[in-house]
Amino acid sequence: MDEQIHNASAPSPGYETSDAHVSGVFKFLIALAITLLVSGLVCWGMFHVFTAHMMNPAATDSPFADTRQLPLGPQLQVNPREDYLRFREDQQKSLETLAWENRSGGIVRVPIKEAMEMLVKKGVPVQGQGAPETKPNAVPAAQTGSPTADSKAVSPEAGKKP
């Protein structure tokens, strides 16, 4: 019991009292040097093999090199400004001309101004109400040949003064 008390009361010197094993550190450094040397030699050998392979173009050619067709490159716009102007012109023309969109379905493309005039004449149905009433037996004025106020306003001759 006296020994335990004696060892516990001994002051520590403040540093490690055993030395590091230098032989383990030297073995690691030698293994590292050998590894670096071997990997350097492998890289040098690969460099020479690939360089010799590049000097002989016959070794790099495929037996199908003459028969193989390469795909076409991307189709780029040569004149994007002209393409855009042509596109805008086509769009504007479709907005301003009268044409069939789907003849079998009875769908017609109407110019915007004419569509607005037709909408003003027919009216827009309000929610809760049906479409404006039309008389089923009525014959339009254009078919009877008698001019009405509507036909005078729409006809181009109505705007001319005598």
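The values are calculated or read from the model by the stated rules, or taken from the named source; none is laboratory data. What you are looking at is a predicted structure, and each value in this text was computed from that prediction instead of being measured. When we count neighbours, we look across all protein chains shown, and the Cβ atoms used for this are built from the backbone with ideal geometry, even at glycine.
The set of residues in the range 70-104 being of a type in the set (A, V, I, L, M) and assigned to a strand (DSSP E or B) consists of ALA99 alone. Just one of the numbered conditions (1) at pLDDT below 60; (2) surrounded by 11 or more Cβ atoms within 10 Å (Cβ to Cβ); (3) of a type in the set (Ser, Thr, Tyr) is not true of THR144: (2).
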